[in-house]
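The values are calculated or read from the model by the stated rules, or taken from the named source; none is laboratory data. Keep in mind the model is a prediction, meaning the values are calculated, not measured. Neighbour counts are summed over all protein chains in view; Cβ atoms, including those assigned to glycine, are modelled from backbone coordinates with ideal geometry. Protein only, heavy atoms only, side chains kept; ligands, DNA and RNA dropped before computing areas. Shrake-Rupley method; radii C 1.70, N 1.55, O 1.52, S 1.80 Å.
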Amino acid sequence: MSNRDTQSMNLDLFADDAPPAAPDSTASVTPLMESAASDAQPHPALSDTAALFLLCERWVSRGWLRDLDLALVRFLDRETQNAPPLLLLGAALASHQLGRGHVCLDVAATLEAPDFALSLPPEGDDLNDPPPLPSHVLATLTLPEWQAALNHPTLISDGPGNTPLVKSDSSGLSHKTTRLYLRRYWQFEQTLHQEIAVRLSVDSSEESPLLKSALDALFPATDTLDWQKNACALAARSPFAIITGGPGTGKTTTVVRLLALLQTLQLAQPSAHPLRIRLAAPTGKAAARLNESIAGQVKDLPLSGLESLLDEQSAAASSNAIEIPTEVTTIHRLLGARADTRHFRHNAANPLALDVLVVDEASMVDIEMMTALLSALPTSAKLVLLGDKDQLASVEAGAVLGDLCRRADAAHYTPATAQWLAELTDHPLPNELIDPDGQPLDQAITMLRVSHRFTETSGIGQLAQAINQPLSEALRERDKHQAVHGVLNNGYADLHHLVLKPDAQNEDSALERLVITGSPERFPSTGEGRTDHKGKPIAPPTGYCHYLNTLDSERPDTALAFEENGDAYDAWAKQVLNAYSRFQLLCALRKGPWGVEGLNLRIAKTLRREKLLFGNDHTFEKGWFEGRPVLVTQNDYGLKLMNGDIGITMAVPDPRAPSRTLLRVAFPTSDPENPIHWVLPSRLHAVETVFAMTVHKSQGSEFQHTALLLPQTPNPILTRELVYTGITRARDWLTLIEAKRGILNDAVTREVMRVSGVEEI
């Protein structure tokens, strides 16, 4: 990160209503930062433990540091003697990084941009009368001084051992630094390195003579390079493979064909048994979506061509049908999560019984879960990770997929790999993707580069591409701002940019009309006349009125008893759930008027005013009401509900008094025999209203019309990755809302900086 970038981000971080800097200007530091930089006296906390604890207590009281972080350093100080305050400060910050998604503390980066070591500002903090900022505390500290203090035989070591902290001196990919870990996370990283390195070291020189014929049977000949075909070829030869790509690039299509390819190659071997294949995803919602997608893709597989190849091999082989599983489970369920522990039934001592494991939405898998997964895989098993490397990473520590795919844009295939692929696929790779110094990991990664959902006429696709471009010497902030707004102002049929006006009445009316109707009048031709890539009509954009009207208009006859007429009520619930998926409001924050907590109540009141919902303020805030959409926030194996599942609250006849109704929450399932799972509201404890959903929670979902709302003030959580993830949840229509002009410019030029050593595999 450049000093200019750091200064610009600090300006945005601490100014409540400061106007955004001109696109081509160099932002200056705030007076608060200037005073910190001018203070040449070492802060007492750097040399005095009591002063350090007092400082940490003040940080905790403001929400800048967690109670857990302070408790850790108090424990370390209590259990040892003469622990240097700088070491304890490093431990507090290293612990805090885990809550912010980092695996460790990068000491050099912390000294370069100290205020990014804490949660500044936490939601709801106006920064009045703040404690000393890290930039003030660390103003006089040098890297050698801090490195010298990271020495204590009981507390810290350079690697193996039982010290609670581990330090790693590294040149990294961009700068020399020391990384400071809590031992658990250092071990996660080491295990990840070891497991992947072992799989990458497997000799893949021997390949089936059937490979090219099978690839040709799966992928019809084309005049251009087929990245899906390349992905299948590379994944077929490696025990570890990654297939990454943006929305609509065909990740699911590719993996289904890959599984058919692997089964064909397996069945062609003498006396072979079909591969044991398992499919998994990080959340129940992602698992259900993959299950539906794969089931549809399997129906379109050209299996006859593959089976004819097997017939040519041997009669014995052809007796085995090529079967592709469609059942998808969560990673927790696959590994056998043990209640109230961090451990799983399947591990290195009790590995999974499988030959191939496919993990979808891998960007959402944190380093602890990825390590558990790799540890539980048999050494002979193949692991295939699917995901969009540019999406938001897990809310937990680690951005494993993003770290592993850091070099994927330029591919870095060796000349040998490039020649092998050209011979298999009949198309050479572009020269710019070939690198004589390509690493083993590079040869296991394929980036799908052609979107079949978003064409050049799609504003959503063009906007995603403009936002996703990282800043570089060739792409400055001003250039990126112009590219993004060039798309927004181009008049694309599927895209609308709404900037709320400062006047409260105008602001309320524009936003409230959007959530009620979807504001189709803001799109060209009011959203009429569009078709998808198959020529099917696309329904115009809508808002929440659509599912609430469906809830009322499609309600079964109240004379039909709920228990005896399950099919009728299931059909009703399916219609309502499908209607609900037509629109979703996404936002970046949880707290405040522009976070889910404030927006959910505000939207409920708006819908009540339109007589689409009924209830009082207390009911909307803490109770249950018909039409309430809820999001499950924790796995509940007893109720068979997973984190991320969405249900709708519906009123059904009370069997004890048919003239009255009872509330039930309808959740969709992947079971065609029982498509709806009805749950009593009283049994649902970990749920929240979901008129507004955070972008993080939306990962793995897709909505016909997505509205992404950016808040009024800049916040560290507003990043390029968050905006990209939010807008690519839209399938047909996107409304991008800025609560204040300039927030989008700030967000698209700030990038997630997840600190780890995973990239050094």
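A few remarks follow.
- Summarising the label geometry, the points placed 7 Å from Cα in the beta-carbon direction at HIS685 and LYS622 lie 1.8 nm from one another.
- Around the amide H of LEU589, modelled in the peptide plane, lie the amide H atoms of VAL596, all under 5 Å away and 5 or more residues distant in sequence or on another chain.
- Mean separation of Cα pairs under 8 Å and 6 or more residues apart, divided by the residue count, gives segment 304-433 a relative contact order of 18 percent.
- Mean separation of Cα contacts under 8 Å (6+ apart) over length of the chain, as relative contact order %: 13 percent
- Modelled FRET efficiency - R0 60 Å, GLU292 with ARG476, Cβ distances, 0.05 increments: 0.90
- Spatial offset of segment 212-251 relative to segment 623-641 amounts to 39 Å, using the alpha carbon center of each.
- From most to least packed by mean Cβ count within 10 Å, the peptides 481-490, 321-330 give 321-330, 481-490.
- Counting DSSP beta bridges with both ends in the chain, the antiparallel % (nearest 5): 40 percent
- Of the options [x] 28.6, 100; [y] 27.3, 84; [z] 30.1, 100, only one is Rg and Dmax of the Cα atoms in Å as computed from these coordinates, and that is [y].
- Cα gyration tensor shape of segment 488-587, rounded if a/c is under 1.5, else prolate or oblate by comparing a/b with b/c: oblate
- Rounded Å value of the spacing that divides the Cα centres of segment 335-385 and segment 512-559: 41 Å
- The accessible area of HIS343, taken with all protein chains in place and a 1.4 Å probe, comes to roughly 120 Å².
- Taken along the Cα-to-beta-carbon direction at a fixed 7 Å, the label points for ALA71 and ARG58 span 2.4 nm.
- Residue-averaged [θ]222 nm for the chain, counting only DSSP H segments that reach four residues, each worth -39500 (n - 2.57): -11000 deg cm²/dmol
- Percentage relative contact order, segment 386-472, counting C-alpha pairs under 8 Å, at least six apart: 25 percent
- Pairs from the list LYS251/LYS640; LYS480/LYS591; LYS285/LYS697; LYS212/LYS299 with a Cα-Cα gap above 20 Å: LYS251/LYS640; LYS480/LYS591; LYS212/LYS299.
- Rounded to 5, percent antiparallel among DSSP beta bridges of segment 246-387: 10 percent
- Amide proton proximity set for ILE538, modelled H, under 5 Å, gap of 5+: ARG530, THR531, ASP532
- Segment 614-690 - percent of accessible surface contributed by carbon and sulfur, probe 1.4 Å: 48 percent
- Sparsely packed GluC sites (Glu not before Pro) within segment 208-312, loop by DSSP, other Cβ within 10 Å at most 14: none
- In a simple Cβ point-charge model (Lys, Arg +1; Asp, Glu -1; nothing else charged), segment 210-279 has a dipole of about 280 debye relative to its Cα centre.
- Taking segment 178-201 and a reference point 7 angstrom along Cα→Cβ of ASP158, the backbone N atoms nearer than 17 Å belong to 178-181.
- Taken per residue, the accessible surface of segment 500-616 reaches 51 Å², heavy atoms only and a 1.4 Å probe.
- Heavy-atom accessible area per residue - segment 294-434, 1.4 Å, Å²: 43 Å²
- Cα gyration tensor category, rounded, prolate or oblate, for segment 355-479 with a/c compared to 1.5: oblate
- Projected label points at ASP426 and ARG345, each 7 Å from Cα along the beta carbon direction, are separated by 4.9 nanometres.
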